[in-house]
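*Asks:* The structure that follows is given in the form of structure tokens.
No lab work stands behind these numbers, since they all come straight from the coordinates. Quick caveat: nothing in here was measured; it's all calculated off a predicted structure. Counting neighbours? That spans all protein chains shown, and the Cβs are built from the backbone with ideal geometry, glycine included.
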Amino acid sequence: MLPDGPRTGVGYDSHRFAPGVPLVLGGVSIPSEVGLSGHSDGDAIAHAVTDAILGAIAAGDIGEMFPDSDPANRGRDSIEMLKLAANRVAAAGWHVSNVDVTVISEFPRIAPYRDAMRAAVSGALGVEAGAVS
């Protein structure tokens, strides 16, 4: 059965800051003495978008697709995970039309990295950069 109309997915993710861990957000490495701890690379933006697109097609969540019990997911690139989730969405006959992400944090400042994040996320999703805000 083909999709019958637009769907909306909502994704959410949070990680604790940890010293000595790389800080990656939206596929972009940000110079910092602290990063986000996680089983993968801790990219909360990529994780939230992955959850949203999987949820929109009722295909579970990031933890089901990439369980932390699987050693292959240890330190895994979250943009790679997002690409694989986007492929699952496409295989189910759907497509992502746009994504809007809100980051709630006093650190780091997102503005200097926004365009690079937009490019990384849109590239993973196979959409134009203008479809990612």
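*Asks:* If we count every other residue with Cβ under 11 angstrom of Gly26's Cβ, Lys/Arg +1 and Asp/Glu -1, where does the sum land?
*Replies:* Numbers: positive: Arg114, Arg118; negative: Asp43, Asp115.
Surrounding charge for Gly26 is 0.
*Asks:* Using the Cβ atoms and a cut-off under 12 Å, what net charge is assigned to the surroundings of Ile79, where Lys and Arg are +1 and Asp and Glu are -1? Let's see the in-between values first.
*Replies:* Working: positive: Arg76, Lys83; negative: Asp41, Asp43, Asp77, Glu80.
Every neighbour counted, the sum reads -2.
*Asks:* Let me ask another. Mind checking the angle between helix 44-56 and the chain's longest principal axis? C-alpha axes, 0 to 90 degrees, to the nearest 10.
*Replies:* The answer is roughly 20 degrees.
*Asks:* Sticking with this structure for a sec: If amide H atoms are built 1.01 Å from N in the plane of the peptide, which residues on other chains or at least 5 residues away come under 5 Å of the amide H of Gly35?
*Replies:* Excluding prolines and chain starts, which carry no amide H, the hits are Ala18, Gly20, Val21.
*Asks:* How much length is gained on full extension from Phe107 to Asp68, taking 0.36 nm per residue of separation minus their Cα-Cα distance? Kindly include the intermediate steps, with their values, before the conclusion.
*Replies:* Working: separation 39, 0.36 × 39 = 14.04 nm, distance 2.62 nm.
Length gained, Phe107 through Asp68: 11.4 nm.
*Asks:* Another one. For segment 17-131, what number results from the quotient of the Cα radius of gyration and 2.2 N^0.38 Å? If you can, show how the numbers build up before the last one.
*Replies:* Values: Rg = 13.8 Å, N = 115, 2.2 N^0.38 = 13.4 Å.
Expressed relative to 2.2 N^0.38 Å, the Cα Rg reads 1.03.
*Asks:* Next question, about the same structure. How about segment 62-133: which GluC sites (Glu not before Pro) there lie in a loop by DSSP and see at most 12 other Cβ atoms within 10 Å?
*Replies:* On the way: sites: Glu64, Glu80, Glu106, Glu128; in loops: Glu106, Glu128.
Of the GluC sites (Glu not before Pro), the ones in loops of segment 62-133 whose Cβ has at most 12 other Cβ atoms within 10 Å are Glu106, Glu128.
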